[in-house]
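Student: This is the structure I have questions about; it appears just below.
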Amino acid sequence: MELDVLSVDAWAERVAGDLVARLVSEPALRLCLPTGDTPAPVYAALATRLEAGEASLQRATVVLLDEWVGLDPDDPARCDGRLRRELLDRVRPRPAAFYTVRVDELPPGEAAARHDEVAAGGLSLTLLGLGANGHVGFNEPGSTADSPTRVVALEMGSREAAVERYGAGRIPEAGITLGIDRLLASDEIWLLVTGARKAEVLERALRGPMGPDVPASFLRSHPRLRVIADTAAAALVTRTP
Ligand code: GLP
C-alpha cells in the first residue's frame with residue numbers, strides 16, 4: 001500500500017493531475033468512478049484540465065461504481081446524474097463509453113447483474129471514496145472480500161445521507177454496488193479520503209483488523225492500492241505513536 005498525504009489545498013489538483021498523467025500514458029483506460037462529496041473537487045479540476053487539452057477521455061471507458069435504488073432518474077442525488085454534471089457533461093470529447101447502473105429499465109437484481117458483466121470486462125483504475133461507516137461503494141459493514149456486485153440493504157445512516165448530504169427527494173430503498181470482489185480485481189485502486197470526519201474511519205481501515213466491520217480494510221490486500229488523503233483525514237494514521 002502506498003499512502004500519499006497531501007495538504008488540503010493541494011489535494012484535488014494533485015489527484016486530477018495524476019489522472020491526467022494516467023490518461024496520457026494509457027488513453028484507453030477503463031475507469032471505475034465514484035460520486036459523493038470527496039471526488040467532486042477532483043472532477044472539477046479534471047474537467048478544467050481536460051478542457052484545456054491536457055488529456056482526453058475519448059478512448060476511455062467509464063464505469064459507475066454504485067447507484068441508489070428508488071430515486072427518480074432526475075433526482076439530484078442520483079450517482080449517474082452527479083457524475084454527468086460534475087465531469088462527463090463538462091468535457092469534450094465524451095468517453096468512448098459510460099456505463100451506468102440500469103436501475104430505471106431493469107429490476108434491481110438484473111441491473112446489478114448487468115453492471116457486474118460490465119465490470120467483469122476489466123477495470124484498469126478504480127477510484128473509491130470512504131463511507132463514514134467504512135463502506136466502499138455500497139459495500140456496507142458485513143461485506144466480505146468476496147462480496148459480489150449486488151443489491152444492498154443499506155444502513156439507515158447511508159440512506160439518510162442521500163437526503164441530508166446529497167439532496168435526494170426521498171430516502172432511497174437500497175443501493176447497487178460493484179462488489180468488493182470486482183474492486184479487488186481492478187488493476188489498481190486509488191482510495192480518496194478527505195476531511196477530519198473521515199480520520200477515525202481511515203485509521204480503522206488502514207491500521208485496524210482486516211474484516212467485515214470496516215469493508216474498506218479489505219483493500220489492503222490489493223497489491224496496487226494507493227490511499228490519497230489530505231492532512232485532515234490522515235491525522236490519525238500519520239501521528240507518531
Ligand atoms: C456514498 C457512496 C460511496 C461514497 C461514500 C462516501 O454513500 N455510496 O460511493 O464513496 O458514500 O461519500 P462522500 O465522499 O460524500 O463522503
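Student: Neighbour counts of other C-beta atoms within 10 Å: give me Trp190, Trp11 arranged from fewest to most.
Tutor: Trp190, Trp11
Student: I've got another one for you. In deg cm²/dmol, rounded to 500, what helix-only [θ] at 222 nm does the chain give when every DSSP H run of at least 4 residues adds -39500 (n - 2.57) and the total is split over its residues?
Tutor: After summing the helix terms and dividing by residue count, I get -9000 deg cm²/dmol.
Student: About the Cα centre of the range 2-108, how large is the charge dipole given +1 on each Lys and Arg Cβ and -1 on each Asp and Glu Cβ? Please answer in debye to the nearest 20.
Tutor: 440 debye
Student: With +1 on the Cβ of every Lys and Arg and -1 on the Cβ of every Asp and Glu, and nothing else charged, how large is the dipole of the chain about its Cα centre, in debye rounded to the nearest 20?
Tutor: 440 debye
Student: Next question, about the same structure. Taking the Cα centre of the range 106-219 as the origin and placing charges on Cβ (Lys, Arg +1; Asp, Glu -1), which of Ala174, Ala145, Pro108 is farthest toward the positive end of the dipole?
Tutor: Of Ala174, Ala145, Pro108, it is Ala174.
Student: Turning to a different aspect of this structure: Report, in order of residue number, the helices in the chain meeting two criteria: a C-alpha extent of 15 Å or more along the helix axis, and a mean Kyte-Doolittle hydropathy of at least 0.0; treat each whole DSSP H run as one helix.
Tutor: The answer, listed by residue number, is 11-25, 40-51.
Student: Can you put Glu164, Glu188 in order, fewest other beta carbons within 10 Å first?
Tutor: So the ranking, lowest neighbour count to highest, is Glu164, Glu188.
Every number here is computed from the coordinates shown, using simple stated rules; none is lab data. All figures in this text were calculated on a predicted structure; none of them were measured in a lab. All Cβ positions, even for glycine, are placed from backbone atoms using ideal geometry, and neighbour counts span all protein chains on display.
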